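Taken together, the values in this text are just the output of simple stated rules run on the coordinates, not laboratory data. Just so it is clear, the model here is predicted, and its values are computed rather than measured.
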Amino acid sequence: MRSRFIPLVVVCSLGWSSAVTAQDVCLRWAEVVVPNPTDPPSAPENALGRPDGLQTKFGEGPADEATYSSFQCDEFFGEASFASFLGVSEAVLQQADFVAFERNGALGFTFEGSTWTFAAGGMTEAFQAPTEAFASGVVTTSAYESFFGISVEPGGEWPFVLFDLQQVDPSALDFEVTVLRGPTVQDTPDVDAMGVVAGVTPTASAQVVRLGSPPNPNALLPGVTSGPVLGAVWDPVIDHTTFLPGATVDLLAVTPNPLNLSTGLGTLLCDPTTILVLESVPAGTPFVLPVPVNCSLIGFPLCSQGGSADAVSLAVGLTNALDITVGTF
């Protein structure tokens with residue numbers, strides 16, 4: 001891996017997980033497949049997403065081929081744990097840019113001469129697997145099931161290949177890989193999953209108070225148990241000690257852009273034209289905002305602002321903003 005870290009892309013998450021540490025690697029699984037219209041593999045969609053034991057069978061036709069792209073679904077693993085699972089050193093894993101898994105019913109045949117052609121930004125480079133892979137190996141069925149938390153068909157083994165790309169940037173938005181079956185009738189790899197291997201930049205989360213001009217009450221407090229950390233629950237709360245003590249409902253909006261616009265309710269501090277999150281809770285209750293496990297969010301700045309309403313007096317007011325940065329800790 002040549003010190004590449006990930007640009008901002010469309011958010012896709014696999015759910016919530018534990019917070020990410022600086023020693024993690026991010027695996028970005030394929031999200032889109034375009035099979036060769038005249039010679040597609042069987043069930044090309046089975047190689048999308050994280051490993052699940054379902055396979056795309058390259059071997060139904062003489063030149064089965066499919067192109068995979070949109071590597072956006074993220075999952076984090078400890079670097080040492082993932083390297084140990086594969087049976088490679090952490091140094092090897094750090095140099096790798098791409099990983100693929102397949103199933104073999106007949107032991108010893110791994111990826112069976114398939115060709116993997118990577119492309120991005122007008123550049124291409126191709127490898128025959130496994131002979132031209134940077135590293136390769138085999139994982140037992142029990143280890144595969146345990147590591148990914150899945151159940152697969154019994155028997156066989158689960159080979160993997162690691163590729164070290166020299167010409168093509170796997171972090172590019174137009175990055176894709178075309179998989180072509182091997183040259184002989186016996187060369188029929190059954191691919192389960194494939195993904196970009198990316199380093200995680202250690203990034204501190206941040207929650208910076210901004211009152212605005214004219215200033216709003218400093219009532220929106222930072223997360224009670226956690227900041228905006230990947231895989232954690234961010235839980236800011238509005239303090240009503242002096243701000244609308246009779247409020248019955250609290251609102252929180254999260255947007256990409258800050259603002260400073262004086263209104264009759266207070267100073268609007270977050271651009272309301274693009275609201276990413278809008279949550280409501282009973283007044284004084286912490287908001288519950290799970291942060292997706294998505295490496296594209298690391299270092300991403302956002303604006304959040306609260307508001308409260310009193311259903312009896314009909315009073316409404318705006319709080320300070322918390323300008324946040326999503327981090328790994």
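Using the Karplus curve 6.51 cos²θ - 1.76 cosθ + 1.60 with θ = phi - 60°, work out ³J(HN,Hα) for each residue of region 190-206 in order, rounded to whole Hz, and write x for Gly and Pro.
In residue order, the calculated couplings are 10, 7, 9, 7, 8, x, 6, 9, 10, x, 9, 7, x, 9, 6, 6, 9 Hz.
For S114, enumerate residues with amide H under 5 Å from its amide H, sequence gap 5+ or separate chain, H modeled in the peptide plane.
Those qualifying (amide H under 5 Å, at least 5 residues apart or on another chain) are A129, G182.
Please turn the phi angles of region 275-280 into ³J(HN,Hα) values with the Karplus equation 6.51 cos²θ - 1.76 cosθ + 1.60 (θ = phi - 60°), one per residue in order, whole Hz, x for glycine and proline.
Taking θ as phi minus 60°, the curve returns 8, 8, 9, 9, 10, 10 Hz for region 275-280.
In whole Hz, with x marking every Gly and Pro, tabulate ³J(HN,Hα) for region 33-39 from phi via Karplus 6.51 cos²θ - 1.76 cosθ + 1.60, θ = phi - 60°.
Per residue, the Karplus-derived 3J(HN,Hα) values read 10, 10, x, 4, x, 9, 8 Hz.
Taking only DSSP H segments of four or more residues, each worth -39500 (n - 2.57), what value at 222 nm results for the chain once the sum is divided by all its residues, to the nearest 500 deg cm²/dmol?
One gets -1500 deg cm²/dmol as the mean residue ellipticity at 222 nm.
Can you list residues whose amide H is under 5 Å from G137's amide H, if they're 5+ apart or on another chain and H is modeled 1.01 Å from N?
F160
Using a 10 angstrom cutoff on alpha carbons, build the Gaussian network for the chain and name the most mobile of A91, A172, A219.
Its mean-square fluctuation being the largest, the pick is A91.
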